[in-house]
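Peer 1: Sharing a structure with you now.
Just so it is clear, none of the values below were taken in a lab; they were calculated from the coordinates. Given the structure is predicted, the values throughout are model-derived calculations rather than measurements. Counting neighbours? That spans all protein chains shown, and the Cβs are built from the backbone with ideal geometry, glycine included.
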Amino acid sequence: MFPRISDLINYLLGTRIVIPVQSYGFMLALSFLIGACFLYLELKRKELAGEIPAQQKKVLKGAPASFIELISAAIFGFLIGWKGIGFLLEYSSFSLNPQEFILSGEGSFISGILLAAGLAYLTYIQKKKKELKPPVWEEITIHPRQLTGNIVLVAAIFGIIGSKIFDILERPDDLFRDPLGTIFSFSGLTFYGGLIIAAVAVVYYASRNRITFPQITDAVAPSLILSYAIGRIGCQLSGDGCWGVINPDPKPSWLGFLPDWVWSFQYPHNVIDEGIRIPNCTTDHCFILANPVYPTPFYETVLCLLIFIILWSIRKHLKIPGYLFSVYLILNGIERFLMEHLRINKVYSFFGIKLTQAEMIALFLILLGCSGFWFFRWMKAKKPTRKKMTPSSTAN
């Protein structure tokens, strides 16, 4: 496997470079970036179609730099100087274990102080140049697509928090054994926990900016499933333990056109060091699974890409806001419920029925999606009709 993105580059190009960027983290960041691009396009389309209005907001122009602005700039500068410059000065330590370096007290404290002072002073000077006496209130237009960055940031922060909360609930023993290590570890992120908490936060943020619940859920649905598909590529590349059950059966003849690893895989050099040690291995992560397993992250990537294509294709044809999100919930729930039959997860007894945490949530999502067709139709019938905006009424 390829724990670092440089491992993949070296494998493909025959080089020997070391880039201290984890494959999973790289694909996770890429998933947010690509998801944000499609969310931007959808918010723009919905505004031009008159489905989501732009909003007018008053801002104070010409005010001097506030205490909060100066402190924020100083804190940001300190973190960049402390860790950013610190990793350049201690690159060998950082490249061996980026996660441990980031969460440790290592770094360049002096660089942090200098950059903190520099950014705070720069913020003060920039605000001083634009200062007006007295400051004036000015009305500006905020287009929905301009909120894309904030929506993605809210989803990322609360998604990680939710992922950690649900992972801890599923593995409480790890929390009691190593509280700080479990809480601050980048591993063990439960997707559905992140989805639930992030969804609540994004809906709340959108409502504060006059984007209704049905409209924002429809807008993010294609991006959500696409981001998940890309994130699963990171799981496959790194071998983070999200693989399936043992698969000792030979590859069927009808799959003969595909490489063997698509049917069963042993995840050599997996990032969690699971399995048996590889003889004569002198690099990091010298372990390989004793038995081949189903490469479920790859399967989920393929299935979720198909779901994305379906959602992106039908998004303009569903006339009731919220219906697209309902379809997403149903398809996502079906995909994950079926995939759980190939995965290794802790099983719970739920009213006598044995289910994993993901299976329970997947069934809930299917039921929620089915109920959504009734609920969103009821919301549309209850809401008074208003005249649609025309594209000419919005700024480009």
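Peer 1: In the set [x] 20.5; [y] 48.6; [z] 25.9, which value of mean projected area of the Cα convex hull in nm² was calculated from the structure you see?
Peer 2: Only one listed value fits the structure, namely [z].
Peer 1: Moving on. Could you work out [θ]222 nm for the chain from helices alone, using -39500 (n - 2.57) per DSSP H run of at least four and dividing by all its residues? Round to the nearest 500 deg cm²/dmol.
Peer 2: -18500 deg cm²/dmol
Peer 1: Are there trypsin sites (Lys or Arg not before Pro) in the range 1-83 that DSSP marks as loop and that have at most 15 other Cβ atoms within 10 Å, and which are they?
Peer 2: The qualifying sites are Arg16.
Peer 1: Please work out the FRET efficiency for the pair Ile142 and Lys382, using the Cβ-Cβ distance as r and a Förster radius of 22 Å; give the result to the nearest 0.05.
Peer 2: 0.20
Peer 1: OK, next. With both bridge residues required to lie in the chain, what share of the DSSP beta bridges run antiparallel, to the nearest 5%?
Peer 2: Roughly 100 percent of the DSSP beta bridges within the chain come out antiparallel.
Peer 1: Asn280 to Ser371: extension gain in nm, 0.36 nm per residue of separation minus the Cα-Cα distance?
Peer 2: 27.1 nm
Peer 1: Calculated FRET efficiency, Leu12 and Asn150, Cβ-Cβ r, R0 30 Å, to nearest 0.05?
Peer 2: 0.25
Peer 1: Say the cut-off is 23 Å between C-alpha atoms; which of Lys83/Lys127; Lys57/Lys319; Lys164/Lys346 go over it?
Peer 2: From Lys83/Lys127; Lys57/Lys319; Lys164/Lys346, over 23 Å: Lys83/Lys127; Lys57/Lys319.
Peer 1: Oh, and also: Membrane-span-like helices in the chain: DSSP H runs reaching 15 Å or more (Cα, own axis), mean Kyte hydropathy at least -0.5?
Peer 2: 23-48, 67-79, 109-129, 148-170, 191-208, 213-238, 296-314, 323-339, 357-382
Peer 1: Something else now. Starting from the Kirkwood radius over alpha-carbon pairs of the range 249-337, derive D by Stokes-Einstein at 10 °C in a medium of 1.306 mPa s and give it in µm² s⁻¹.
Peer 2: The diffusion coefficient I find is 98 µm²/s.
Peer 1: Then there's this: For the range 66-82, list residues with backbone N below 19 Å from a point placed 7 Å from the Cα of Ala117 toward its Cβ?
Peer 2: Residues 70-82 qualify, since their backbone N sits under 19 Å from the label point.
Peer 1: With springs only between Cα atoms under 10 Å apart, run a GNM on the chain and tell me which of Ile160, Ile140, Ile68 wobbles the most.
Peer 2: Looking only at Ile160, Ile140, Ile68, the biggest GNM fluctuation is shown by Ile68.
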